[in-house]
Amino acid sequence: MEQYIIKGGRPLRGEVSISGAKNAALPLLAAAIMTDETVMIDNLPDVRDIGVLLQAIESIGVMVERVNPNCVKIQAKNIQTTRVDYEHIRKIRGSYYLVGALLGRFHKAEVVLPGGCNIGSRPIDQHIKGFKALGAEVFIAHGMIITEAEQLAGSHIYMDVVTVGATINVMLAAALAQGRTIIENAAKEPHIVDVANMLNSMGANIKGAGTDVIRINGVPKLHGTEYAVIPDQIEAGTFMFAAAATKGDVLVRNVIPKHLESIAAKLLEIGCTVEEYDDAMRVVGCEYQKNTHVKTLPYPGFPTDMQPQIAVALALSNGTSIVTESLFENRFKYVDELSRMGAKITVEGNTAIIDGVSGFTGAEMTAPDLRAGAALVIAALAAEGFSLIDDIVYIQRGYERFEEKLKGLGAMIELVSTEKDVTKFKLKVS
Ligand code: EPZ
């Protein structure tokens with residue numbers, strides 16, 4: 001089993017280049033199978049979840065050519081089945097985008113119910129409501145979502161909650177429905193705009209993505225395209241908070257600064273220096289960071305996917321901070337792990353009350369999910385001494401070459417799989 005061994009206490013310094021956004025790339029890959037022409041997707045993050053989705057689409061007859069680790073050509077001319085039960089697909093959330101894509105193109109889909117990180121109850125009622133509004137029948141049976149429509153017809157859909165997944169999924173299916181679909185109370189995340197942009201480059205007619213009303217005029221057919229995934233806002237934010245927590249100085253390159261506003265605002269509040277460039281952000285940590293309060297919200301609010309990372313920085317700041325999680329109820333599982341390093345955090349319902357401490361000490365920890373796992377790495381980098389982190393497979397699902405990028409910033413971190421590797425690392429850095 002792979003683990004990270006980390007020797008902390010050294011500020012991160014230097015430059016890091018951000019990869020394409022995993023949560024944009026997953027629906028873009030699904031969109032790519034909505035045409036029989038070739039689609040080339042560049043700036044694809046080379047992470048596990050993407051690999052799983054690519055294998056899943058190959059399993060139904062899609063031709064996937066890896067041009068290089070970050071670029072793929074997809075040709076979905078000879079899809080043999082609309083049933084996707086590839087064994088690993090259950091583990092990733094983004095698998096549900098294949099429902100919207102297959103329903104749009106073939107008017108039917110059978111896809112294993114999605115899994116993903118265990119961060120709370122993750123209903124799909126809004127996806128189902130959207131598909132039904134477009135005229136599809138939808139059933140859940142034997143662990144699959146089964147949906148079929150004689151024909152898909154545009155509709156006026158009001159989302160009861162702001163949901164990224166359902167907004168994108170309905171947009172995918174509606175792109176090839178007859179007539180006009182209006183999605184009200186739509187999510188506004190950058191990846192929604194990215195999916196709409198790629199679909200439009202394939203001949204779709206989607207307007208308003210990035211606002212809370214999306215208008216889709218269905219088209220009969222989509223064609224091939226070449227498209228590059230937007231930079232990963234959450235990967236960028238993770239490195240920005242790593243700079244803050246280790247009191248370092250990091251230039252995060254290949255980003256869209258507009259997508260990072262809520263993250264930069266919190267860094268400024270705790271006393272960091274943040275400099276914005278055209279496609280980069282520099283974060284300089286400060287010796288005495290201040291407390292602040294934060295509540296996670298849909299975009300443009302502070303992202304839930306950044307909640308564990310900011311909590312680490314706040315746990316090392318002066319004073320008491322309050323973190324409120326308003327999207328997923330099970331996203332504080334990292335708190336017990338951080339306590340082992342000396343953090344003082346109490347969780348009450350969806351709120352964490354954090355009393356800042358002057359430092360952490362290294363410990364053995366287990367990554368409970370993707371973002372929490374990344375947050376534990378940040379904590380370990382800021383801590384005195386050695387830390388060992390288990391279950392890093394979660395981190396590998398969404399961060400490309402995480403340890404390599406951190407090493408480029410001077411971090412003492414190694415991917416290890418045996419006791420011998422751990423000893424070797426300790427000797428090397430001591
Ligand atoms: C996406 O999950 C991301 N996953 C998550 O990233 C991210 O945390 C989340 O959006 C919020 O930004 C992918 O893109 C693969 P939602 P998703 O639908 O689509 C409720 C990461 O670390 N809801 O926006 O599942 C839901 O319970 C992951 O990369 C319903 O009630 O999130 C939640 O409270 C973790 N009914 C809220 O909406 C539904 O039908 C937002 O969920 C759908 C959602």
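So, with a 1.4 angstrom probe, what is the percent of accessible area on region 374-420 that is carbon and sulfur?
Working: 800 of 1630 Å².
On region 374-420, the fraction of accessible area on carbon and sulfur atoms equals 49 percent.
Measure out, as a whole number of angstrom, how far apart the alpha-carbon centroids of region 87-113 and region 1-80 sit.
17 Å
How charged is the neighbourhood of Ala228? Take every other residue with its Cβ under 10 Å from the Cβ of Ala228, and add Lys/Arg as +1 and Asp/Glu as -1. Intermediate values should be presented prior to the final figure.
Numbers: positive: none; negative: Asp42, Asp194, Glu226.
The answer is -3.
Quick check: with the 1.4 Å probe, what order do Glu58, Glu348, Glu337 take by accessible area, largest first?
Details: Glu58 90, Glu348 115, Glu337 35 Å².
Descending accessible area places them as Glu348, Glu58, Glu337.
On a 0 to 90° scale, report how tilted helix 97-106 is relative to the longest principal axis of the chain, with both axes built from alpha carbons and the result rounded to the nearest 10.
10 degrees
Put Ser19, Ser201 in order of accessible area, largest first, 1.4 Å probe: what do you get? Walk me through the intermediate numbers first.
Values: Ser19 10, Ser201 45 Å².
Ranking Ser19, Ser201 by accessible area, largest first, yields Ser201, Ser19.
Check Ala177: other-chain or 5+ apart residues with amide H under 5 Å from its amide H, H built from backbone geometry?
Amide H neighbours of Ala177: Val219.
Note down the net charge around Pro300, summing +1 for each Lys or Arg and -1 for each Asp or Glu among other residues with Cβ under 12 Å from its Cβ.
On the way: positive: Lys188, Lys258; negative: Glu189, Asp212, Glu261.
So the environment of Pro300 carries a net charge of -1.
So, R0 is 22 Å and r is the distance between the beta-carbons of Asn254 and Glu275; what FRET efficiency does that work out to, to 0.05?
Details: r = 16 Å, r/R0 = 0.72.
Here the calculated transfer efficiency is 0.90.
Taking the 0 to 90 degree range and rounding to the nearest ten, how far is the long axis of helix 419-429 tilted relative to the main principal axis of the chain, both from C-alpha atoms?
60 degrees
Using amide H atoms built in the peptide plane, which far-off residues or other-chain residues are under 5 Å from Ser155 H to H?
For Ser155, whose amide H was placed from the backbone, the distant partners under 5 Å are Thr181, Ile182.
Given the pairs Lys207/Lys258; Lys295/Lys333; Lys91/Lys424; Lys266/Lys290; Lys405/Lys428, which span a C-alpha to C-alpha distance of over 22 angstrom in this model?
Working: Lys207/Lys258 20 Å; Lys295/Lys333 17 Å; Lys91/Lys424 34 Å; Lys266/Lys290 10 Å; Lys405/Lys428 19 Å.
Violating the 22 Å Cα-Cα cut-off are Lys91/Lys424.
With a 1.4 Å probe and all protein chains left in place, how much accessible area per residue does the chain have, in Å²? Before the final figure, lay out the partial values.
Working: 16630 Å² over 430 residues.
Result: 39 Å² of accessible area for each residue.
Considering only protein heavy atoms and a 1.4 Å probe, what is the carbon-and-sulfur percentage of the accessible area of region 1-146?
Solvent-exposed carbon and sulfur of region 1-146 make up 47 percent of the total.
Can you give me the angle between helix 48-58 and the longest principal axis of the chain, using Cα atoms only, in degrees from 0 to 90, rounded to the nearest 10?
Helix 48-58 sits at roughly 20 degrees to that axis.
Work out, step by step, the length gained on full extension between Thr418 and Leu268: first 0.36 nm times the residue separation, then minus their alpha carbon distance; give nm to one decimal.
On the way: separation 150, 0.36 × 150 = 54.00 nm, distance 4.09 nm.
This chain segment gains 49.9 nm when fully extended.
Would you check the accessible area of Asp336, probe 1.4 Å, heavy atoms only, in square angstrom rounded to 10?
In the full protein context, Asp336 sits at about 110 Å².
Sequence-distant or interchain residues sharing an amide H contact under 5 Å with Met144, placed H: which?
Counting only residues 5 or more places away or on other chains, the set is Leu113.
Whole angstrom only: what separates the Cα centroid of region 187-253 from the Cα centroid of region 300-375?
After rounding, the separation between the Cα centres reads 27 Å.
Using the Kirkwood radius over C-alpha pairs as Rh, can you work out the diffusion coefficient of region 233-377 via Stokes-Einstein at 37 °C, viscosity 0.692 mPa s, in µm² per second? All intermediate terms of the calculation are to be shown ahead of the outcome.
Details: Rh = 14.9 Å.
Calculated translational D: 220 µm²/s.
Which ³J(HN,Hα) values, rounded to whole Hz and listed in residue order, are derived for region 133-150 from phi using the Karplus coefficients 6.51, -1.76 and 1.60 in 6.51 cos²θ - 1.76 cosθ + 1.60 with θ = phi - 60°, glycine and proline given as x?
Result, ordered by residue: 4, 7, x, 8, 8, 9, 10, 10, 8, 6, x, 10, 8, 10, 9, 8, 9, 5 Hz.
Taking region 43-183 on its own, what percent of its Cα-Cα pair distances exceed 24 Å? Could you put the intermediate results ahead of the total?
Numbers: 2956 of 9870 pairs.
In whole percent, the long-distance tail amounts to 30.
Applying the Karplus parametrisation 6.51 cos²θ - 1.76 cosθ + 1.60 with θ = phi - 60° to the phi angles of region 6-17, what ³J(HN,Hα) value in whole Hz is obtained for each residue in order, glycine and proline being reported as x?
With the stated coefficients, region 6-17 comes to 9, 10, x, x, 10, x, 7, 9, x, 10, 9, 9 Hz.
Rounding to the nearest 20 debye, state how big the charge dipole of the chain is about its Cα centre with +1 on each Lys and Arg Cβ and -1 on each Asp and Glu Cβ.
Charge dipole of the chain: 100 debye, to the nearest 20.
Would you list the P(r) distribution for region 1-91, with all Cα-Cα distances sorted into 5 Å bins from 0 and each bin expressed as a whole %?
Over region 1-91, the share of Cα pairs per 5 Å bin runs 3, 12, 21, 20, 15, 10, 7, 6, 4, 2, 1 percent.
For the chain, just run the numbers: alpha carbon Rg, then divide by 2.2 N^0.38 Å, N being how many residues it has.
Working: Rg = 21.7 Å, N = 430, 2.2 N^0.38 = 22.0 Å.
Against the compact-globule rule of thumb, the ratio is 0.98.
The values are calculated or read from the model by the stated rules, or taken from the named source; none is laboratory data. Just so it is clear, the model here is predicted, and its values are computed rather than measured. For neighbour counting, all protein chains shown are included, and Cβ atoms are generated from backbone atoms with ideal geometry for every residue, glycine included. Calculation scope for accessible area: heavy atoms of the full protein, side chains included, ligands and nucleic acids excluded. Shrake-Rupley method; radii C 1.70, N 1.55, O 1.52, S 1.80 Å.
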